[in-house]
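Input: a single structure, listed below in structure tokens.
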Amino acid sequence: MINKDIFKIWAPVDAKWVDWVRPVPFISIDDELKTYESFNFVIPNVNYIEEKSVDTAWFVDLPSYDSVAEGLALASKFGFRPIPIYNGTNEQQGAMANVNNQTIEVALVWGAYVLLKLKLEKDALPVFLLDSNRMNRYKMSPSVFDNSWDIYHQDIPSAEYFLNNGIKKIVVRGKEKIEKDLSKIFYGFQKKGIKFFFTDGYSEPKEVVIKKPKRDDD
Amino acid sequence: MRLISIPKDKYDEYRLNVIFDCYKWDPQFLDNNTIAKHVLVITKEEHEELMKYTESLDVETRAAEEFLNKNLKFAKKLALPKKLSRELRNMKNYSPDKHVRLMRYDFHPTIEDKWAISEVNSDVPGGFAEASLMPQAAKDVINMEELWHKNFGDILTNAIAKKVKVNGTIMLVHCTSYSDDRQVMQYLGDKLKKMGFKIIYAAADHLNFKNNEAFSILDGNEGKVDGIVRFTPLEWLIDIKPKRWQGYFDTITPSCNHPVAIFAQTKRFPLIWDLLEKSGLKLDTWRELLPETIEVKDAKNKEGFIYKPACGRVGEKISIKEACVEGEYEKILKDVKKHPKKYLAQKRFNSKPLVSDEGENYHVCLGSYSVDGKHAGYYARISKTPRIDSNAADIPVLIEGGIAL
């Protein structure tokens with residue numbers, strides 16, 4: 001398989017929601033593909049939901065490959081379609097960077113083989129996958145390559161698209177809270193009637209109210 | 001000029017190839033697919049006319065910016081940000097022959113069967129890979145061998161190679177957090193690397209300047225830099241701390257583009273044309289193609305004018321009512337009222353849409369590049385609304401008839 005094949009497994013042309021799969025981490029997969037295939041991540045147990053709700057989309061926002069593994073857990077157990085929306089680039093060769101985006105590439109190759117074994121419905125509900133390390137802006141020196149990144153409103157479907165496709169609720173599975181960049185987008189969604197829930201993976205999702213983003217967050 | 005549909009059974013494969021082989025890493029914007037299902041074909045006559053217009057505009061623009069660089073008092077009315085204005089006096093050593101001058105003029109067909117231009121992307125035009133590789137990807141699926149395209153990437157990299165020392169180090173300066181910036185730089189970097197250059201992908205603050213020469217401070221890539229290709233807009237650059245960006249203005253390291261590009265980048269450039277013409281400069285082609293442009297305050301009781309931000313990019317904040325999303329139009333008008341000097345008023349032209357085989361109307365923005373004064377190819381976008389913005393789709397441009405370089 002080459003990178004295009006891996007991408008096609010994550011984004012089969014006839015499936016719903018796959019138009020939002022970001023190609024970025026798939027682009028540089030090629031050369032090291034053989035090495036990637038030898039990695040073996042573990043699919044975690046998911047105990048914080050009992051059954052999926054047809055009006056609910058999910059966002060998994062966990063560090064690095066954990067987000068891929070958790071997304072695949074939701075796919076395996078409940079039939080969600082994982083939609084990777086990672087958008088970070090790799091650093092200049094030889095430079096220190098503040099985010100390791102390469103591990104995501106490895107996890108996506110591994111995940112493709114997992115997905116091949118699953119029979120997901122064409123119109124399966126989406127679970128969008130994000131790396132919560134993306135906003136690691138700390139630079140120990142100005143010479144560090146800053147490949148941190150944010151998710152923007154243009155990277156996911158609009159509130160109208162979600163609503164028109166029967167999605168009235170969004171659950172975020174994160175570490176502690178809904179991250180700043182997502183909150184900025186979701187605040188607008190909330191105003192349009194979408195409800196939000198959060199789970200840290202230990203307890204059932206609880207409804208949350210997204211606060212208006214501060215001006216300096218703009 | 002016409003649209004040719006990409007055969008439905010070949011589109012998915014074409015889209016995949018455009019993403020992976022043509023550096024199109026942002027194929028989706030909100031709910032819109034940004035890879036068009038059509039090809040834009042222009043006639044030989046249209047190509048020759050556009051080529052002529054582009055080169056004439058380029059002569060006028062470069063003469064104007066060189067004049068302004070020596071006569072900064074004329075630039076006052078451009079109302080450039082203060083921090084930026086302060087640096088302009090440091091560009092006295094600018095020598096056009098030492099740098100690569102890249103611009104893209106955005107043409108639109110009008111209902112009067114003429115061309116109008118909406119702007120020149122003078123500072124950091126994009127669309128490199130779309131202009132260079134997408135046409136071939138399209139040709140592979142439409143089976144029209146007689147059509148051809150001008151390879152922008154070849155022209156730009158050859159121009160860079162003429163001015164940067166053989167096997168030298170080139171820093172591709174961009175916002176490293178944005179993958180849509182990186183895709184533009186990656187295409188260029190891969191091409192330049194094949195030509196023997198050492199490529200450094202880095203951010204604007206990874207350059208330091210000593211004795212007007214550029215040096216990389218990027219971890220593991222420290223040392224002298226022989227060429228700079230900048231994709232970070234100047235008005236963003238000046239917000240970067242620490243202030244190493246000052247060196248960009250008086251560097252002798254070959255740059256593409258040198259900050260002298262700012263004079264034409266601001267959409268307020270037409271507001272000083274009267275002054276420039278009084279000093280003997282010619283702007284006839286600009287006058288012919290750009291709709292009437294005036295200060296916001298002068299447009300108060302005039303019909304048919306729209307507002308545009310002086311530093312706007314990709315169609316953002318342009319007050320075309322029917323193209324605005326809910327609440328956007330009112331927001332723009334409020335901002336115009338608050339900051340009139342950050343905007344200008346421009347007579348709206350009537351874009352003539354092209355009709356696809358499927359009977360749908362598409363408005364076209366046909367970007368025409370110039371590199372060091374010569375026409376260098378096309379980058380086009382189509383949209384169902386007259387405002388061509390980030391929701392528009394990239395469309396490859398192919399040319400009919402014999403090759404006219």
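The values are calculated or read from the model by the stated rules, or taken from the named source; none is laboratory data. Being a predicted model, the structure only gives us computed values, none of them experimental. Every residue, glycine among them, receives a Cβ derived from its backbone with ideal geometry; neighbour counts consider all protein chains shown. Each accessible area value is taken on the protein alone, full model and side chains, heavy atoms only, with ligands, DNA and RNA left out. Shrake-Rupley method; radii C 1.70, N 1.55, O 1.52, S 1.80 Å.
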> Longest segment of chain B with no GluC sites (Glu not before Pro) in a DSSP loop having at most 11 other Cβ atoms within 10 Å?
Replying inline: B:147-302
> Taking every pair of alpha-carbon atoms in the protein assembly as shown, what share in percent sits in each 10 Å bin, from 0 to the bin with the longest distance?
Replying inline: 3, 15, 25, 27, 20, 8, 2, 0
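Rounded to the nearest 20 debye, what is the charge dipole size of the protein assembly as shown about its Cα centre when +1 sits on each Lys and Arg Cβ and -1 on each Asp and Glu Cβ? Could you put the intermediate results ahead of the total?
Numbers: 92 positive and 90 negative charges, 489 e Å.
My answer is approximately 2340 debye.
May I ask you to work out the translational diffusion coefficient for region A:12-144 at 20 °C, viscosity 1.002 mPa s, via Stokes-Einstein with Rh from the Kirkwood sum over Cα pairs, reported in whole µm²/s? Can you show the working numbers first?
Values: Rh = 15.7 Å.
The calculation lands on 137 µm²/s.
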>> One quarter of the convex hull surface, Cα atoms only: what value does that give for chain B in nm²?
In response: 19.7
>> Just to compare against my own numbers: the Cα pair-distance distribution for region B:292-347, 10 Å bins, whole % per bin, please.
In response: 26, 61, 13
> Hey, in the GNM for chain B with a 10 angstrom Cα cutoff, which one of B:Ile262, B:Ile111, B:Ile160 fluctuates hardest?
Replying inline: B:Ile111
> From the residues B:Ile294, B:Phe305, B:His339, which one has its Cα farthest along the dipole of region B:292-347 in the positive direction, the dipole being from +1 and -1 charges on Cβ of Lys/Arg and Asp/Glu about the Cα centre?
Replying inline: B:His339
> Per residue of B:181-193, what is the mean number of Cβ atoms on other protein chains within 10 angstrom of that residue's Cβ?
Replying inline: 1
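Return the tail of the calculated pair distribution for region B:23-126, meaning the percent of Cα-Cα pairs more than 22 Å apart. Walk me through the intermediate numbers first.
Values: 2825 of 5356 pairs.
Distances greater than 22 Å cover 53 percent of the Cα pairs.
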>> With just the Cα atoms defining each centre, how far is region B:334-405 from region B:231-272? Give it in Å.
In response: 24
> Cα centroids of region B:5-52 and region A:54-130: how far apart, whole angstrom?
Replying inline: 28
> With the dipole of chain A worked out from charges on the C-beta (+1 for Lys and Arg, -1 for Asp and Glu) around the Cα centre, which of A:Ala69, A:Gly88, A:Leu182 lies farthest toward the positive end?
Replying inline: A:Leu182
>> Please report the net charge: other residues with Cβ closer than 11 Å to the Cβ of B:Asn361, K and R +1, D and E -1.
In response: 0
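Add -39500 (n - 2.57) for each DSSP H run of 4 or more in the protein assembly as shown, then divide by its residues: what number comes out at 222 nm, to the nearest 500 deg cm²/dmol? Before the final figure, lay out each step's value.
On the way: 20 runs with 189 residues, N = 623.
That calculation yields -8500 deg cm²/dmol at 222 nm.
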>> Am I reading the B/A interface right? What is its buried accessible area, both sides, 1.4 Å probe, to the nearest 100 Å²?
In response: 2900
> Can you list the trypsin sites (Lys or Arg not before Pro) in region B:149-181 that are in a DSSP coil and have 14 or fewer other beta carbons within 10 angstrom?
Replying inline: B:Lys165
> When chain B is treated as a GNM, springs tying every alpha-carbon pair under 10 Å, which of B:Gly327, B:Gly153, B:Gly196 comes out with the largest mean-square fluctuation?
Replying inline: B:Gly327
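With all protein chains present, how much of the accessible area of chain B (probe radius 1.4 Å) comes from carbon and sulfur, to the nearest whole percent? Let's see the in-between values first.
Values: 8370 of 16810 Å².
About 50 percent, which is the carbon plus sulfur part of the accessible surface.
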>> Please compute the modelled spin-label separation between B:Ile240 and A:Glu207, points set 7 Å along Cα→Cβ, answer in nm with one decimal.
In response: 4.7
> Considering only DSSP states other than H, G, I, E and B, which GluC sites (Glu not before Pro) in region A:78-122 qualify as loop sites with at most 15 other Cβ atoms within 10 Å?
Replying inline: A:Glu121
> Solvent-accessible area per residue for chain A at a 1.4 Å probe radius, Å²?
Replying inline: 47
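Loop only per DSSP, at most 12 neighbouring Cβ atoms within 10 Å: give me the trypsin sites (Lys or Arg not before Pro) in region B:55-146, ordered by residue number.
Working: sites: B:Arg62, B:Lys70, B:Lys73, B:Lys76, B:Lys77, B:Lys82, B:Lys83, B:Arg86, B:Arg89, B:Lys92, B:Lys98, B:Arg101, B:Arg104, B:Lys114, B:Lys139; in loops: B:Lys92, B:Arg101, B:Lys114.
Counting only loop positions with at most 12 other Cβ atoms within 10 Å, the trypsin sites (Lys or Arg not before Pro) in region B:55-146 are B:Lys92, B:Lys114.
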>> Cut-off 10 angstrom, C-alpha nodes, Gaussian network model of chain A. Which of A:Lys52, A:Lys119, A:Lys16 fluctuates the most?
In response: A:Lys119
> Dividing the convex hull volume of the Cα atoms of region B:63-196 by its residue count, what figure in Å³ per residue is obtained?
Replying inline: 196
